[in-house]
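The values are calculated or read from the model by the stated rules, or taken from the named source; none is laboratory data. No experiment lies behind these values; they were computed from the predicted model shown. All Cβ positions, even for glycine, are placed from backbone atoms using ideal geometry, and neighbour counts span all protein chains on display. Surface areas here come from the heavy atoms of the whole protein model, side chains and all, with no ligands, DNA or RNA. Shrake-Rupley method; radii C 1.70, N 1.55, O 1.52, S 1.80 Å.
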Amino acid sequence: MQAWLARYIEAQHRALDSIPLDAVERVVATVRRAWEEDRQIFVIGNGGNAASASHFATDLGKGASDALGRRFRVITLADNVAWLTAIGNDYCYEDVFVRPLENYARPGDVLIGSSVSGNSPNLVKAFAWARDRDLRTIAFVGEKKGGMAPLAEETIVVADGHYGRVEDVQMTLYHLICYAFMEIKETA
C-alpha cells in the first residue's frame, strides 16, 4: 500500500509541476480585467468539475471580493438543478450550459470551464457558442485536451490523464486565481 501511495503522490507532483505559470498569470489578468470592467464570469464543469466550479465561484465571489472591497460577478451554471434538468429533459443534455449563456452572457464576459477529457459535448458546445459571441474563454483540461482546447482563448493543460490527479490540479488552478486577489495587492 505504501508503495502505491508514494507512486500516486509522485505522479501528483509531476501533474502539479506541469502547470504553465505564464498561462496562469494570463488567466489571472483576464479575470482581473473582467473585475475591472464589471463583466460576468461564468464557470462550468461536469461531475467533480461541477463541484470545483461551484467552489471557485464561492471563493472568487466571497473571498476575493471581500479582499478587494468590490465584488466579482461570478456564477457557476452547474448549481441550478431545476434549470439543468429542465433543459436536459426538454431539449438535450448538450444544451445545459449554452441555454443559460443565451440568457445571460454578453460579449466581453468570461467563460471558464474545466474538464479532464475536454470532450464533454455540453462543454464543447458552450465554448463554441461563447467563442462565436466574443466571450473570453478559458479551459482547464487534461493531457488529451479534447474539443474544448482549440475553442478557448487560453488553455491550461494538466499533463496527466488520471481523473483524480487532473481534477486536483484544476482545483489548485482555481485557488491560485482566487488567492492572487486575496494575497497579492498589486493584482487588484
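Cβ-Cβ distances below 6 Å connect the following pairs, each with a first residue in region 18-37 that is in contact (Cβ under 8 Å) with a residue 12 or more places away in the chain, a second residue that is open to solvent by less than 70 Å² (accessible area, probe 1.4 Å) and among the charged types (D, E, K, R), and a separation of six or more residues or different chains: Arg26/Glu154; Val27/Glu154; Thr30/Arg136.
For region 129-188, the candidate set comprises residues that are part of a helix (DSSP H, G or I) and of a type in the set (S, T, N, Q); within that set, the residue that is farthest from His55 (Cα to Cα) is Thr187. Evaluate the following for Ile44: is it exposed (fewer than 13 other Cβ atoms within 10 Å of the Cβ) and of a type in the set (Val, Ile, Thr)? When the stated conditions are applied, Ile44 does not pass them. Scanning region 1-41 for residues that are of a type outside the set (Val, Ile, Thr) and under 24 Å from Phe97 (Cα atoms), we see that the one that is least open to solvent (accessible area, probe 1.4 Å) is Ala34. Condition check for Asn103 on (1) closer than 24 Å to Ala180 by Cβ; (2) open to solvent by 80 Å² or more (accessible area, probe 1.4 Å); (3) over 15 Å from the mean Cα position of the chain (by Cα): one failure, at (1). Does Asp79 meet the test of being open to solvent by less than 30 Å² (accessible area, probe 1.4 Å), closer than 25 Å to Glu37 by Cβ and either touching an Asp or Glu at 6+ places or on another chain (Cβ under 7 Å) or not hydrophobic (A, V, I, L, M, F, W, C) (or both)? Criteria not met by Asp79. Taking every residue in region 83-107 that is under 19 Å from Met148 (Cα atoms) and pairing it with any residue that is among the aliphatic types (A, V, I, L, M) and part of a loop (DSSP other than H, G, I, E, B), at least 6 positions away or on another chain, the pairs with Cβ-Cβ distances below 6 Å are Phe97/Leu77; Pro100/Leu77; Ala105/Leu135.
Answer yes if at least one residue in region 14-28 is farther than 16 Å from Thr172 by Cβ, in a helix (DSSP H, G or I) and aliphatic (A, V, I, L, M), and no otherwise. Within region 14-28, not a single residue is farther than 16 Å from Thr172 by Cβ, in a helix (DSSP H, G or I) and aliphatic (A, V, I, L, M).
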